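Where a number appears in this text, it was derived from the coordinates with a stated rule and is not lab data. Only a predicted model underlies this, so the values are computations on that prediction, with no experimental measurement involved. For neighbour counting, all protein chains shown are included, and Cβ atoms are generated from backbone atoms with ideal geometry for every residue, glycine included.
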Amino acid sequence: MYYYLILTDACNLCCSYCRAKDFEESDPPERAVAVDAAIPSELNFDLADLYRFLGEDPDPVLTFYGGEPLLRADLIREVMENAPPCRFMLQTNGLLLDRLKPGIVNRFSTVFVSIDGDERLTDAHRGAGVYRRVMDNLETIVGNGYAGELIARMTVAEDTGIEAAVLHLAGARDHPFSSVHWQIDADFWGDWSHRNFARWAEESYNPGIRRLVARWVREMETGRVLRWYPFLGCMADLLAGRTSCLRCGCGYANYTIMTDGTIVPCPCMVGMREWYLGRVGAISPDRLPAVEVGEPCTSCDLAGFCGGRCLYSNILRPWPVEGRRVVCETVRNLHDALSDALPAVRRLVDAGVVSTEDFAFERYNGCEIIP
Ligand code: SF4
Ligand code: SF4
Ligand code: SF4
């Protein structure tokens, strides 16, 4: 099982699509939920309970999460030194990666670093100087021997040209990323009424995705399957004829441990009382209840491909129905682009130019594969 461990709610950035939204006006979500205001801002439960809980899982994978988890580098070290056998991953904004010694960093099987494209775009979303500092830190960790998967985790919005942003992170020779993942800033906050999302999706994002898929397949003709997660994960399933439940795994393969030890399905559902599933120390991993995505996803014709996109959005519905329809159109566009490419990809597999193993990826590793 996969677990996010929230070490702190604090963060050293105020990104435009995240904490900066707290300072904007927002429309209420369609569904109001009770949120627990008494969650400690820093991890505050007995780590012995965590170790016991992880010890009861035959194959635990623990991802350090925040806020910014590297603000609690002390806790990362403590858990990695004392937890039972476990695989570790990190989701970070990358600014403080130099706080961990190589002996710790090199134990992560995957490091997700938030970065949105080139320097101008990243700094516009995340703050002046962020891109350069993150890149310097990545150069340092790779120089110190980090050889695990390094995933560029992009958030894309109306100022993103998806093709240029992905190609920047994936293409430049001096960039260290082994994989690129992106997620659109959509249906997550009550901001539909002051966004220009529909026009951007139709005129920029959806056509950009179709061009990117064509490039991805052209690159395959040289024998290389680029690790662009939204394409990789979906194409792996199309090739295998498999359907998928919620692709991030939240609520059945991936759970979040809050700072007080309470377990919820997803890191964005911290404090949502109705979805408290138990506490480390009081429940064992095999007793964690499954949480399912509801309508309209269950009766959607794209459900087997999409999986429901996002449990949090499905529950809260931060955007009105017209906005959600536009988001679902981005899913349909991705589905159609990849389905259209499937015969060509199959031919490359049959001809031995690439193999199905080239599409293997770690399911539920934290990539929200339907952007
Ligand atoms: S670094 Fe992450 S947690 Fe911090 S403000 Fe940016 S997106 Fe949010
Ligand atoms: S396309 Fe939309 S309605 Fe269909 S499963 Fe995905 S999120 Fe749900
Ligand atoms: S896609 Fe939605 S449910 Fe899954 S981790 Fe992200 S916010 Fe949570």
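Numbers for the structure displayed
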| quantity | calculated |
| --- | --- |
| Gain upon complete extension [Arg199, Arg287; 0.36 nm per residue less C-alpha separation] | 27.2 nm |
| Amide proton proximity set for Glu56, modelled H, under 5 Å, gap of 5+ | none |
| Sparse-neighbour loop sites [trypsin sites (Lys or Arg not before Pro); region 183-289; at most 13 other C-beta within 10 Å; DSSP] | Arg224, Arg242 |
| Surrounding net charge for Gly67, when Lys and Arg each add one and Asp and Glu each subtract one, Cβ distance under 11 Å | -1 |
| Amide proton proximity set for Tyr255, modelled H, under 5 Å, gap of 5+ | Tyr2, Tyr3, Tyr4 |
| Amide proton proximity set for Glu68, modelled H, under 5 Å, gap of 5+ | Ala10, Cys11, Asn12 |
| Total formal charge among the other residues, if their Cβ is under 9 angstrom from that of Glu149, Lys/Arg +1 and Asp/Glu -1 | 0 |
| The chain - share of DSSP beta bridges that are antiparallel (%, nearest 5) | 15 percent |
| Neighbourhood charge, 14 Å Cβ-Cβ cut-off, centred on Pro102 and excluding it, Lys, Arg +1 and Asp, Glu -1 | +2 |
| Sum of -39500 (n - 2.57) over DSSP H runs of 4+, divided by residues of the chain (222 nm, nearest 500) | -10000 deg cm²/dmol |
| Relative contact order (percent, whole number), the chain, Cα cutoff 8 Å, 6+ residue spacing | 23 percent |
| By average C-beta atoms within 10 angstrom, highest first, the peptides 159-166, 6-13 | 159-166, 6-13 |
| For region 12-27, 3J(HN,Hα) per residue [Karplus equation, 6.51 cos²θ - 1.76 cosθ + 1.60, θ = phi - 60°, Hz, x = Gly/Pro] | 9, 10, 9, 5, 4, 9, 10, 5, 4, 5, 4, 9, 9, 6, 9, 7 |
